[in-house]
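Notes follow once the structure below has been shown.
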There are 2 protein chains.
Amino acid sequence: MPEVKTYESKVWRVNVRTQTLNLGPVPETWERLGGRGLIARILLDEVPPECEPLGPRNKLLFCPGLLVGHMLSSCDRISVGGKSPLTGGVKESNAGGTTGMQLTLLGIKALIIEDQPTKPGWWVLHLSTQGARFDPANDVVGLGVYDAAAKLIEKYGEKVAIALIGPGGEMKLQVAGIQNLDKDKVPSRIAGRGGLGAVMGSKGLKAIVIDASGGQKPAIQDPEAFKEAQKAFTKALTEHPQTHTYHDYGTAAMVQMCQTFGSLPTRNFSSGQFEHADTLSGEYLRDTILQRGGVSKPNHPCMPGCAIQCSNVYGSEDGQQVLVSPIEYETIGLMGSNLGIGSLDVVAKLNRAVNDLGLDTIDIGAALGVAAEAGLMEWGDGERALELIDEIRRNTPLGRILGNGAAMAGKVLGIERVPVSKNQAMAAYEPRAIKGTGVTYATSPQGADHTAGLTIRDKINHLDPKGQVELSRAKQISMAGYDALGACIFAGFGFAAAPAGTIARLLNARYGWNVPDDILQALGKETLTLEREFNRRAGFTAKDDRLPEWMTREALPPHNAVFDVPSEELDKLFEW
Amino acid sequence: MPEVKTYESKVWRVNVRTQTLNLGPVPETWERLGGRGLIARILLDEVPPECEPLGPRNKLLFCPGLLVGHMLSSCDRISVGGKSPLTGGVKESNAGGTTGMQLTLLGIKALIIEDQPTKPGWWVLHLSTQGARFDPANDVVGLGVYDAAAKLIEKYGEKVAIALIGPGGEMKLQVAGIQNLDKDKVPSRIAGRGGLGAVMGSKGLKAIVIDASGGQKPAIQDPEAFKEAQKAFTKALTEHPQTHTYHDYGTAAMVQMCQTFGSLPTRNFSSGQFEHADTLSGEYLRDTILQRGGVSKPNHPCMPGCAIQCSNVYGSEDGQQVLVSPIEYETIGLMGSNLGIGSLDVVAKLNRAVNDLGLDTIDIGAALGVAAEAGLMEWGDGERALELIDEIRRNTPLGRILGNGAAMAGKVLGIERVPVSKNQAMAAYEPRAIKGTGVTYATSPQGADHTAGLTIRDKINHLDPKGQVELSRAKQISMAGYDALGACIFAGFGFAAAPAGTIARLLNARYGWNVPDDILQALGKETLTLEREFNRRAGFTAKDDRLPEWMTREALPPHNAVFDVPSEELDKLFEW
């Protein structure tokens, strides 16, 4: 077993066929990248772009962002990556929780999981200062993430971080994600998009347990400068009005905003407004939580040290029992209004069930919308939606249709109105009403993904096709930059309001570099360029940078908008 | 209604939304093309390559080959085309029967079916010298092709040709084909590959009835020269030993040949030899048919005037009842050995059930193999296979998984060993054992398709990767040429053995042209070039010209062969 020196940043390479660990130096071209950017680089360097995503040539990557390890507010995210079984292209999905921090404390710059077991079987990969160990996973295989995590914590102790898959990942469903523990040891922080849980399943891993005891925080080259920059960032963040909105209402604040813009996905994206939006809203959510009290909490940090705390804990009426933690806007949009469901209690139940399977609530919500369109459930029938989720759990043919996400459900069930791009379901921002986000959905190398470049807060006529490509371009660049840093989408409010060059100062102080003030844009552009190149080699063309045809033809109420940003403009997005 | 002058070759354009017919002249660039070549040209000229295949921008095309209309043996085939819902690319699928001839008698160079109805409903499109008429299809919708055809013949008379879809096309399943009547009025000649039946379903057409009464044979510019060339071709064809083999044993002659080469798909392409091949063989089939007598016939022409008569009628033991007509090698390979089934009676039952649904037996056979691999049936269990086909008929979730073909079944059920290229199932020639045909499967713009360039009869070491690209190239060019002529794959034996220039003499005599002796190659190259260009614009890249990864890794018994023709060589196939 190789000797672990946690003060040295290393590449940890785990082969699941031979069950061996190799520790190697960080290649020079990887050093200045982290998170999403490093994932794109490693994929291009090591994964054949044409490979079968669930075969032995794909790799599963865990890369903490460049700023992870210092409890900078909202900047300790873990990026997970690989070739996506859903999109067939590059995939990075990031999450909060404690995984990023613990990997960093072990000195792990990149964890690369390679190859495939030759025999069936499930394993827990245990990482610590002692190296890597494979423990049989017999006692947790088949369990939902809540029970599995509880058992693993019992076995491995309260201090470990855990990244694990649910039954969905074991079944290799194309929208299975990887759940990470939050600060309260709840497996609620999912790297949810694009099927990386299926990749983990194809490697025979039920869970990765990270025990950083004996590890250490990464060295800071210029502690004074770091502290000063950190202070400026924290101040800007905590003073930002959006921080307060998200603190109070969480992401659910978006319900009323989208309702106003006519961009709230309703009944399988057939309308942009929902008649029961008020009982799904952030205000209603906050009131309910405050009224219920007990275990319920209107705000909650997904990572220790977060100043925003946009998460929440949604408890039962009697205040005794956690229904789900957290309930997020994307889930409300996709499993609430998109299914004609106007009750947060019902959404919470669906949310928990899908979480427990370790699946992406966005893609499953969209798949259920497609199922309703196909006559498999009535709009608003939460009980039936739960039954359909149970079909997934029971691995029935219908369950596999839905559990593989909206794109596949549409193809199998013969439904054209399917809200996907590059096979990945759209988040809860209707692209016909928020056209800049539609441009992001169409062109992002990640597939339809709001975190790749959301434009709803920008001052632009969202219904006008003009200027949307420019706006999306700017957003995609900065978001790819934040994803390389390990910063959450909302940390951006703080960085944007902080003195110019704050990010550069943090990086220079941390690493002893001398990067320029526009490092965020440089990181973002490099990341996107690498991702585009991987996709190109995997066979993507301009045709993949489109929204589905029906969205260009079918008018969305109430604005009767179609998606009319010209394809020629979309094709120029990456010309910078 | 426009006036039909059947002596004039015209483009018939039918709009299913407005239910109108437009007759137009043949554009100059279309004149010298027919069948598959004309389809590629029209798709490039008129169908947006990125369009939704089941949406209003796709078109359904019927183009008789250039030699259709003269009862030249095996040369009256109809090419059907459109953008494929299965492959997402160019699609031509051709069939025998009487459709090609009857369209030609009406002077139809190309039938172009456009747009989409705005309201649900099913129609029969009736074409005659009176133009086009839309009759409600209420009495035949939902019926299998056998019952539907019988009702339509009752209504429209014995002399009509009919192209119709089964329940599979109505359900818009991605491997639904279009059945055509044979000379005995049985809807047994299917344009089966690539889902054109779903395209027809998306246009609201259950059937197209062609009544050529009052029509006339196309004029021949130099009747004497035509007659002479025809004589030379017929002589060469009837004297060719393969003609006799196919006359006696039909395509089922391939069973023993593939068994010998280790290329008989067995148990979902996990072996190349089947222990019960003898009871599936052409010899066994012929003996059974001769022994049973009555309605059974060891040979039968799929088109009037055919000298080969490779088809058959497979009747019940008591000689009273037709089980299926015909039983072909592809079905025996995919629904027999591929499912571990060694009984022709069982294969005949499965064949009939899938025919009746109007689905491609190759892709459904491959999907059932995937289902068996996924544990949904035992190998060799014909009763269960019939049940699974019944799931398709009942439009259940499982039925839709299988009814959409092998590629989708593999994706939904999570099976990697799926024998497809460009999402289309491979025919019954194992590409690891017959590598030239593997090259064709990988590179043909049509997806995996043996008729696009079969190499099994060529003198080459089929296990050696060397020389396979050159061989496949030559075959693909000549097959694309034959498909443009309306000639069946076996007519090629006659043309190849006839005096050089026979095809050119036929065309020059028929049309008054002056094409050179190598017109077959010229037509083939033009066709392939047009098809490749359509696919390129639809987003295809070199990555789509590959066999599935597992075939390059998993050794096939008994020769333990993998597919090892280098990708770089595949990429040079179309450099001529």
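With contacts defined as alpha carbon pairs under 8 Å and 6 or more residues apart, what's the relative contact order of chain A in percent?
Over chain A, the number comes to 16 percent.
Got the relative contact order for the range A:10-210 handy, in percent, Cα pairs under 8 Å and 6 or more residues apart?
Dividing the mean separation by the residue count of the range A:10-210 yields 23 percent.
Taking a temperature of 4 °C and a viscosity of 1.567 mPa s, what whole-number D in µm²/s does Stokes-Einstein yield for the range A:336-493 with Rh from Kirkwood over alpha carbon pairs?
Roughly 79 µm²/s, to the nearest whole number.
Would you work out the charge dipole size for the protein assembly as shown about its Cα centre, treating the Cβ of every Lys and Arg as +1 and the Cβ of every Asp and Glu as -1, and quote it to the nearest 20 debye?
It works out to roughly 860 debye.
One decimal, nm, shortest first: give the distances between the label point of B:ARG394 and those of the same position in the other copies, each label point 7 Å from Cα along Cα→Cβ.
1.5
Starting from the Cα of B:LYS91, draw a straight line to each of the lysines and keep only those under 21 Å, dropping any in the same chain fewer than 8 residues away.
A:LYS411, A:LYS543, B:LYS59, B:LYS83, B:LYS109, B:LYS172, B:LYS203, B:LYS206, B:LYS422, B:LYS475, B:LYS525, B:LYS543
What do the square roots of 5 times the Cα gyration tensor eigenvalues come to for the protein assembly as shown, in whole Å, largest first, as semi-axes of the equivalent ellipsoid?
Equivalent-ellipsoid dimensions as semi-axes: 56, 31, 27 Å.
Over all directions, average the projected area of the Cα convex hull of chain B and note it in nm².
With the hull built on Cα positions only, its mean projection is 22.6 nm².
Just from its helices, what would the mean residue ellipticity at 222 nm be for the protein assembly as shown, if runs of 4 or more DSSP H residues each count -39500 (n - 2.57) and the sum is divided by every residue, rounded to the nearest 500 deg cm²/dmol?
Value at 222 nm, helices only, nearest 500: -11000 deg cm²/dmol.
Across the Cα atoms of the range A:186-262, what radius of gyration and what greatest pairwise Cα-Cα distance (Dmax) are found, in Å?
When restricted to Cα atoms, the range A:186-262 yields Rg and Dmax of 19.8, 52 Å.
Among the residues of chain B, which one places its Cβ closest to the rotation axis that maps chain B onto chain A, and what is that distance in whole Å?
B:PRO397, 2
If each Cα of the range A:435-529 is one equal point scatterer, what is log10 of I(q)/I(0) from the Debye formula at q = 0.11, 0.12, 0.17, 0.20 Å⁻¹?
-0.33, -0.39, -0.73, -0.95
Just to confirm my numbers, what's the Cα centroid distance between the range A:37-70 and the range A:460-495 in Å?
23
Ratio of Rg to Rh for the range B:228-296, alpha carbon only, Kirkwood?
Dividing the radius of gyration by the Kirkwood radius yields 1.14.
Let me know the shape class of the range B:111-175, please: from the alpha-carbon gyration tensor, a ≥ b ≥ c as square roots of the eigenvalues, rounded when a/c is under 1.5, otherwise prolate if a/b is greater than b/c, or oblate.
Here the range B:111-175 falls in the oblate category.
Averaging the inverse of every distinct alpha carbon separation and then flipping it gives the Kirkwood radius. What is it for the range A:19-90, in angstrom units?
13.3
Can you bin every Cα-Cα distance in the range B:10-210 into 10 Å intervals starting at zero and give me the percent of pairs per bin, rounded to whole numbers?
Bins of 10 Å from zero give 10, 41, 40, 9, 0 percent of pairs.
To two decimal places, what compactness ratio does the range A:70-183 give when its Cα radius of gyration is scaled by 2.2 N^0.38 Å?
Against the empirical 2.2 N^0.38 Å value, I get 1.08 for the range A:70-183.
Tell me which residues come under 5 Å, amide H to amide H, from B:SER271 once H is placed; ignore anything under 5 positions away on its chain.
The list, which skips near neighbours in sequence, is B:THR266.
Return a whole-number percent for the relative contact order of the range A:258-361, with Cα pairs under 8 Å and 6 or more residues apart as the contact set.
24
With 10 angstrom as the radius, rank B:ASP564, B:ASP356 by how many other C-beta atoms surround their C-beta, starting from the fewest.
Listed from fewest to most nearby Cβ atoms, that is B:ASP564, B:ASP356.
Tell me, A:LYS91, B:LYS155 in order of fewest to most beta-carbon neighbours within 10 Å?
Exposure proxy ranking, most exposed first: B:LYS155, A:LYS91.
Please report, to one decimal in angstroms, the Kirkwood hydrodynamic radius of the range A:167-307 built from all distinct Cα-Cα pairs.
19.0
Under the rule of at least 5 residues apart or a separate chain, name every residue whose amide H is placed under 5 Å from the amide H of A:SER188.
A:ASN180, A:ASP182
Fewest to most neighbouring Cβ within 10 Å: what's the order for B:GLU31, A:GLU3?
A:GLU3, B:GLU31
If one computes the Cα centroid of the range B:246-269 and of the range A:516-576, what distance in Å separates the two points?
49
What are the label-to-label distances in nm, one decimal and shortest first, from A:THR552 to the same spot in the other copies, with labels 7 Å along Cα to Cβ?
Distances between equivalent label points, in nm: 3.3.
Based on alpha-carbon centroids, what's the gap between the range A:424-451 and the range A:299-364 in Å, whole number please?
21
Can you list the residues, at least 5 places off or on another chain, whose amide H is less than 5 Å from the amide H of A:VAL420, using H built in the peptide plane?
A:MET426
Which of the DSSP-defined H helices in chain A satisfy a minimum axial length of 30 Å, computed from C-alpha atoms, and a minimum mean Kyte-Doolittle hydropathy of 0.5?
Going by DSSP H runs, there are no hits.
Just to confirm the numbers: A:GLU154, label point 7 angstrom along the Cα-Cβ line, distances to the other copies in nm, shortest first?
Relative to the other copies, A:GLU154 has label-point distances of 6.8 nm.
The numbers here are math on the coordinates, done by the rules we state, and not lab data. Note that the coordinates shown come from a computational prediction; the quantities given were computed from them, not determined experimentally. Every residue, glycine as well, gets a Cβ built from its backbone with ideal geometry; the counts of neighbours run over all protein chains shown.
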